[in-house]
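Comments concern the structure below.
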Amino acid sequence: MNKKLLNKAYYAGIREGYQQYAHWRDGVQYVGTCGQTLADALKKLNLEEKRALELLEDRREVKSKLGYARIGLGNV
């Protein structure tokens, strides 16, 4: 499984946990004990997931520009 799919599965699990353990108060779903709504928590999670995917793309781009590593080839 590649890192992109693992990342998506990770955030899907967090999203599922938020929804499973959200509680209702006055007609609004809340997450945790600090008064954060489920909608706000999911928005923040979506931004975090987007940032994580961007970091994966950045790492892939840097790796492709570097080529191969000289470490471990017996020439150090």
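Summary of computed values
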quantity	calculated
Kirkwood Rh (inverse of mean 1/r, distinct Cα pairs), segment 3-64, angstrom	13.0
Förster radius 25 Å - calculated FRET efficiency between Y10 and D58 (Cβ-Cβ, nearest 0.05)	0.90
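Readers should treat all values here as calculations from the given coordinates under stated rules, not as data from a laboratory. Everything numeric in this text was worked out from a predicted model, so none of it was measured. So basically every Cβ, Gly included, is an ideal-geometry build from the backbone, and we count neighbours across all protein chains shown.
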